[in-house]
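The values are calculated or read from the model by the stated rules, or taken from the named source; none is laboratory data. Here the structure is a predicted model, which is why all the values come from computation and not from measurement. Heads up, the Cβs are rebuilt from the backbone with ideal geometry, glycines too, and the neighbour counts pull from every protein chain shown.
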Amino acid sequence: MPSTFVLFVLAASVLVTSFISGILGMAGGMIFMGVLLALLTVPKAMVLHGVTQLASNGWRAILWRRSIDWRVFRGNAYGSIAALAAFTLVQLVASKPVALLVLGVTPFIALALPEKLVLDVQRRGHSFVCGVICTGLQLLAGVSGPILDMFFVRSNMDRRAVVATKASTQSLGHIIKIAYFGGLVGAAQRGTVEFWLGALMVALAITGTTLSRRVLEKLTDASFRKWTRWTVMTTGLVYLSTGAWLLSR
């Protein structure tokens, strides 16, 4: 059972980060993953993050369900299942420093991709590739938002469709993460979360997501993309430095 201080930090973190994710469609889960890795073991952090973010993303997908691009979701789902099969075969679980480094480097990989490499989740086959890559990152570092965003940034979707479709694909990714770390890896590497703790995190995630809806409505598409990139890059720098420090020790 976590201490009172740890419980307070977890509760405050999930409320704030689900609010951020509800506005930007990402970034909140990335911040929350870092908090969990600082407080818990990797498997337990992955399971609790999966449960919490499934509630946040799932509720966001429900709120914006009319804007979901289901063709993109299906392609992503096929790629996600392929990635899960590969990870289950090798039983891979990253160490905490490696998870933080991967978490931190993903925004910069996305930024470094050449302009001629056009990623567009609405193009044929791209949603499948998106599912493979993003689910692989989910199982390594817990999140895949920055890379996922690169598949959406050149699409013709408006901000509502972006948030809704990303929420649906991320919900599936979190279900896969829970299944993998909660049962598909070896017993020594599995993570378990108390039911009451999971229920509390779910309630707070839904609350934060619901509160964010009015803010998203007021944002323009330009400011939405600007704030998303700034938040993700800053968070990435923090995780890169923390992971490098832990690895050096």
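Do we have any residue at all in region 43-50 that's of a type in the set (D, E, K, R), in a helix (DSSP H, G or I) and modelled with pLDDT under 85? Looking for residues that are of a type in the set (D, E, K, R), in a helix (DSSP H, G or I) and modelled with pLDDT under 85, one finds none in region 43-50, hence no.
Given the criteria aliphatic (A, V, I, L, M), in contact with a helix residue (DSSP H, G or I) (Cβ under 7 Å, 6 or more places away or on another chain), touching a residue at least 12 places away in the same chain (Cβ under 8 Å) and surrounded by fewer than 24 Cβ atoms within 10 Å (Cβ to Cβ), does ALA83 qualify? The answer is yes for ALA83.
Of the helices (runs of 4 or more DSSP H) lying entirely inside region 87-161, the ones with 2 or more residues being modelled with pLDDT under 85, surrounded by 15 or more Cβ atoms within 10 Å (Cβ to Cβ) and not acidic (Asp, Glu) are found at 96-112, 145-152.
Answer yes or no as to whether GLY34 is of a type outside the set (Val, Ile, Thr), crowded, with 21+ Cβ neighbours inside 10 Å, more than 16 Å from LEU211 (Cβ to Cβ) and in contact (Cβ under 8 Å) with a residue 12 or more places away in the chain. Taking the combined requirement at face value, the residue satisfies it.
Evaluating ALA164 against the criteria (1) crowded, with 22+ Cβ neighbours inside 10 Å; (2) touching an Asp or Glu at 6+ places or on another chain (Cβ under 6 Å) leaves one unmet condition, (2). Could you tell me whether region 215-233 includes any residue that is modelled with pLDDT of 80 or more and of a type in the set (Val, Ile, Thr)? No, region 215-233 contains no residue that is modelled with pLDDT of 80 or more and of a type in the set (Val, Ile, Thr). Scanning region 41-76 for residues that are buried (at least 20 other Cβ atoms within 10 Å of the Cβ) and either without any contact (Cβ under 8 Å) to a residue 40 or more places away in the chain or of a type in the set (Gly, Ala, Ser) (or both) turns up ALA45, GLY50, ALA55, SER56, GLY58, ALA61, GLY75.
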